[in-house]
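Just so you know, all these numbers are worked out from the coordinates, no wet-lab data involved. It should be emphasised that the depicted structure is a prediction, and the values quoted were computed from it without experimental measurement. Cβ coordinates were reconstructed from backbone atoms using ideal geometry, including for glycine residues, and neighbour counts include every protein chain displayed.
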Amino acid sequence: MATQKVSAIEIEQAKKNLSKLPPKQHPSLPVGEALEELKPLIREAFDKNYSKEDVLEILGKCGINIKRYRLKELFGEKKLPSNSQNRSQQPAIE
């Protein structure tokens, strides 16, 4: 079998074509990345007095179904400890 050879002209043409490529848009993003992209607009909605529930409903109508805690995480709000964590931090009653 003969090995394929590529001419210098073909290599230069490939270099030109590859260097001109624009960033390719992904058809879908992970939810976290999508929320990061939407974060400024979500902040604006909050600034316009829309609640987290309002924003969740709007996102849901667009096909982005997330839980309330995802919005809290997005804006750095701490989650409330679960009941099991509360019990482990409470002193034992004797």
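Some values worked out for this structure:
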| quantity | calculated |
| --- | --- |
| Exposure proxy ranking, count of Cβ atoms within 10 Å, fewest first, for 42, 58, 11 | 11, 58, 42 |
| Nearest-0.05 FRET efficiency for residue 21 and residue 58, computed from C-beta distance (R0 41 Å) | 0.75 |
| Sites matching trypsin sites (Lys or Arg not before Pro) across region 42-80 that sit in DSSP coil, with at most 11 neighbouring C-beta atoms within 10 Å | 48, 67, 78, 79 |
| Calculated over region 29-76: convex hull of Cα atoms, volume per residue (Å³) | 69 Å³ |
| Restraint check, 15/39; 48/72; 24/67, Cα-Cα greater than 28 Å | 15/39; 24/67 |
